[in-house]
Amino acid sequence: MFSGKHRDTGFNLQVAATLAGDLLAVSAPVPGSRHDIHAWRQSHFPEAFAEREGMGDLRYAGSGLLTPRRKPPGQERSTGDKEANRSINTLRAAVERAIAHLKDWKVLATRYRGPLTRFAPVAKTVTALAFYKKGW
């Protein structure tokens, strides 16, 4: 879980939020430098949100979530693809704000320097405090 290049530990948290920007859930941290689709599959989110239509960025392509369309190799995106991507990204902006508000907590915004075994309870506590701050 320690990157010698960046001299830092790596965790991946998955965040679910409403289109209004309200935080719904935060997954348990997936240790190491793992791709977002791997962390998505490791979390409980695919089963928990199976009845809902979800969306993600391009890193979630192939997960069943609504994602923007990739640019075809050696070609430009069509006007329809550009418009579809703009619509998806407009909706995702509220979710990105929810993630930014979660990072208002310094322990998630900066390098975690505590014992690695304590990061999961710290992330869970910060999530609970974020829900408390919203009045949930």
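Can you give the Kirkwood hydrodynamic radius of the chain from its Cα pairs, in Å with one decimal?
16.5 Å is the Kirkwood radius here.
With a cut-off of at most 13 other beta carbons within 10 Å, and DSSP calling the residue loop, which GluC sites (Glu not before Pro) in segment 22-104 qualify? Please list them.
Answer in residue order: E51, E53, E76.
Where does the chain land at 222 nm, in deg cm²/dmol rounded to the nearest 500, when only DSSP H runs of n ≥ 4 count, each adding -39500 (n - 2.57), divided by all residues?
On the way: 5 runs with 55 residues, N = 136.
After summing the helix terms and dividing by residue count, I get -12000 deg cm²/dmol.
With a 1.4 Å probe and every protein chain kept in, tell me what percent of the accessible surface of the chain is carbon plus sulfur. Could the numbers behind the result be given before it?
On the way: 4860 of 9180 Å².
Taking all protein chains in place, the chain shows 53 percent carbon and sulfur surface.
Leaving out ligands, DNA and RNA but keeping every protein chain, what accessible area does T117 have, in Å² rounded to the nearest 10, with a 1.4 Å probe?
Result for T117: roughly 120 Å² accessible.
In what sequence, highest mean first, do 104-113, 26-35, 61-70 appear when ranked by Cβ atoms within 10 angstrom?
Peptide ranking by packing, descending: 26-35, 61-70, 104-113.
When only Cα pairs under 8 Å and 6 or more residues apart are kept, what is the percent relative contact order across the chain?
Numbers: 142 pairs, mean separation 31.4, N = 136.
The normalised contact order for the chain reaches 23 percent.
So, with +1 on the Cβ of K and R and -1 on the Cβ of D and E, and no other charges, what is the size of the charge dipole of the chain about its Cα centre, to the nearest 20 debye?
560
The values are calculated or read from the model by the stated rules, or taken from the named source; none is laboratory data. Since the model is a prediction, treat every value here as computed from it, not as a measurement. Quick reminder, even Gly has a Cβ in these numbers, built from the backbone with ideal geometry, and neighbours come from all protein chains shown. Protein only, heavy atoms only, side chains kept; ligands, DNA and RNA dropped before computing areas. Shrake-Rupley method; radii C 1.70, N 1.55, O 1.52, S 1.80 Å.
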